[in-house]
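A short worksheet on the structure shown next.
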Amino acid sequence: MAARKPFTPLAWVGSITAIFSLIAGIYAGWAFLSGQLERRRATDRLLADEALQLHASDYESAWRTLAQAATVGGSSARVQQAQEDVAIEWLDNIRISGDRTFASITEKLEPVLIRGAASAKSPQRQADLLAHLGWSYFLRGRELSGPDPESAYRDALRKDPANPYAHAMWGHWILWNHQEFAKATEHFAAALATPRPGLRPYIRSMQLSALNNEDTSEAHVEFIRVVNDIRKEHGDLDPHWPHDILNMYWAHIVPPDEDKAAFLSAVPPLDHLDTFDWLLRRAGPGEPDALTHDYIRSALLEAAGRRAEALAGYRAVQSRFGPNSGGTLVDGTRRAIVRLTATR
């Protein structure tokens, strides 16, 4: 049997060194894991703050918070997705005031949209991001030269042919440029056919904004159709719309113009009446010129075949004129009373 070698001091040093190396390795691993855990906790806190800011529509603060999260958490997929979500919602609700410009916002958002569109796992997400990239191009193009939004909308629909954002934004772009009205209508119909009901109010808002770019009889007719549909869907309108749409009634009915018949036939007569009343309720008590609205309502009653109510309405309007009153409304009321009285 071979003799056991003596345990020399040098061997003791090697063993102790190995033990210290093991301890150092364990500590380094623990420190790394601890740091990772702390970074994750910090990222979680920042993402929670950002969610509250986004809920409050404080997009600037949410964006800054995510920039901090990106510094802390690096290229975290959660942070990147949150940045994309803020970019989408910010562009959907973008407002500027004072010296602020669209371009000052879009220049921050576009790199995130481009990165997201390139890395998105689903065609729908890719299309959502591409459509918003096109919308960002459109907004930037209102102030500076830039890429054509239409190419981004087209790319979005190649990824997801039913994408509601791309259809609504493309429809808006067509009417912004006063191009094919029927083509824009097709895009909005496709957007509304999407099985994403949460986007319906956004699509309707885009549709109304697009139609507002077309100051034509055809656009006014389509406007009433859309507003009538919104009412029947139990939707709502932004606060400024009721007054603007009531002015369309005034334009076509007081005094009557060559487009009055087309305007009145936009929707069934009773729907027209219900929509007009719905708009008046949303306009609120501060809506001016109640006398003109009473005249218009009488005209809608007459168009709906409710002649007795219409006649009573016209007479009520006439009773509020002074003895020396004149003008379009007075003449129209007088003619309506004569017309309805003669056919009784």
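The values are calculated or read from the model by the stated rules, or taken from the named source; none is laboratory data. Source: prediction; values computed, not measured. Please note: Cβ atoms are built from the backbone with ideal geometry, for glycine as well, and neighbour counts cover all protein chains shown.
Listed here are the residues, each with its yes/no results for (1) within 18 Å of ILE114 (Cβ to Cβ); (2) in the same structural domain as SER122 (by TED's automatic domain parsing).
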| position | (1), (2) |
| --- | --- |
| SER136 | yes, yes |
| ARG140 | yes, yes |
| ASN163 | yes, yes |
| MET169 | yes, yes |
| LYS183 | no, yes |
| PHE188 | no, yes |
| ALA193 | no, yes |
| GLU222 | no, no |
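Any residue at all in segment 66-81 that is touching a residue at least 40 places away in the same chain (Cβ under 8 Å) and of a type outside the set (Val, Ile, Thr)? Walk me through it before giving the result.
As a first pass, look at segment 66-81 and keep what is touching a residue at least 40 places away in the same chain (Cβ under 8 Å): none.
Looking for residues that are touching a residue at least 40 places away in the same chain (Cβ under 8 Å) and of a type outside the set (Val, Ile, Thr), one finds none in segment 66-81, hence no.
For THR275, are the conditions met, namely being among the polar types (S, T, N, Q) and in contact (Cβ under 8 Å) with a residue 40 or more places away in the chain?
Numbers: among the polar types (S, T, N, Q): yes; in contact (Cβ under 8 Å) with a residue 40 or more places away in the chain: yes.
Here the answer is yes, as THR275 does meet what is asked.
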Report task. Give the number of residues within segment 227-255 that are under 30 Å from ASP331 (Cα atoms) and surrounded by fewer than 13 Cβ atoms within 10 Å (Cβ to Cβ). Result -> 1
Query - Pick from segment 209-226, criterion under 18 Å from the mean Cα position of the chain (by Cα) and more than 24 Å from ASP289 (Cα to Cα), ranking: surrounded by the most Cβ atoms within 10 Å (Cβ to Cβ) - result: LEU211
Requested in this report: For segment 114-128, state whether one or more residues are touching a Gly at 6+ places or on another chain (Cβ under 6 Å) and buried (at least 17 other Cβ atoms within 10 Å of the Cβ).
Outcome: no
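What is the residue count in segment 86-102 for residues that are surrounded by fewer than 17 Cβ atoms within 10 Å (Cβ to Cβ) and in a helix (DSSP H, G or I)? Step through it out loud before you land on a result.
Keep residues of segment 86-102 that are surrounded by fewer than 17 Cβ atoms within 10 Å (Cβ to Cβ), which gives 89, 92-101.
This time we only want the ones that are in a helix (DSSP H, G or I), so: 89, 92.
Adding up the residues that qualify gives 2.
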Report task. Starting from segment 148-162, keep only residues that are β-branched (Val, Ile, Thr), then list their pairs with residues that are surrounded by 15 or more Cβ atoms within 10 Å (Cβ to Cβ) whose Cβ atoms are within a distance under 7 Å, requiring at least 6 positions of separation or different chains. Result -> none
Report task. State which residue is nearest to ALA127 (Cα to Cα) when the search covers only segment 141-157 and only residues that are exposed (fewer than 15 other Cβ atoms within 10 Å of the Cβ) and more than 20 Å from the chain's Cα centre (by Cα). Result -> SER151
**Report entry** Filter result (touching a helix residue (DSSP H, G or I) at 6+ places or on another chain (Cβ under 6 Å) and under 14 Å from ASP160 (Cα atoms)) within segment 113-140
**Finding:** ALA117, ALA120, PRO123, GLN126, ALA127, ASP128, LEU129, LEU130, ALA131, HIS132
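Could you grab me the full set of residues in segment 166-211 that are among the aliphatic types (A, V, I, L, M) and without any contact (Cβ under 8 Å) to a residue 12 or more places away in the chain? Don't jump to the end; show me each part of the working.
Just the residues of segment 166-211 that are among the aliphatic types (A, V, I, L, M), to begin with: 166, 168-169, 174-175, 182, 184, 189-193, 199, 203, 206, 208, 210-211.
Within segment 166-211, ALA182, ALA189 meet the criteria.
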Query - Of all residues making up segment 51-85, the number that are under 27 Å from PRO201 (Cα atoms) and either in contact with a helix residue (DSSP H, G or I) (Cβ under 7 Å, 6 or more places away or on another chain) or assigned to a helix (DSSP H, G or I) (or both) - result: 16
Requested in this report: Only one of these is of a type outside the set (S, T, N, Q) and either modelled with pLDDT under 95 or in contact with a Leu (Cβ under 6 Å, 6 or more places away or on another chain) (or both): LEU157, LEU133. Name it.
Outcome: LEU133
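Okay, residues lined up against (1) in contact (Cβ under 8 Å) with a residue 40 or more places away in the chain; (2) over 27 Å from ASN212 (Cβ atoms); (3) outside the structural domain of ALA219 (by TED's automatic domain parsing):
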residue	(1), (2), (3)
ASP244	no, no, no
VAL254	yes, no, no
ASP257	no, no, no
PHE263	yes, no, no
LEU270	no, no, no
LEU311	no, yes, no
GLY326	no, yes, no
THR341	no, yes, no
Report task. Using the structure shown, decide if HIS234 is assigned to a helix (DSSP H, G or I), in the same structural domain as ALA310 (by TED's automatic domain parsing) and at pLDDT 90 or above. Result -> no
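Limited to segment 212-258, what total is found for residues that are at positive phi and among the acidic types (Asp, Glu)? Let's see the steps before the verdict.
Our first condition is that a residue be at positive phi; within segment 212-258, this holds for 234.
Narrowing further to those that are among the acidic types (Asp, Glu): none.
Residues flagged as at positive phi and among the acidic types (Asp, Glu) within segment 212-258 amount to 0.
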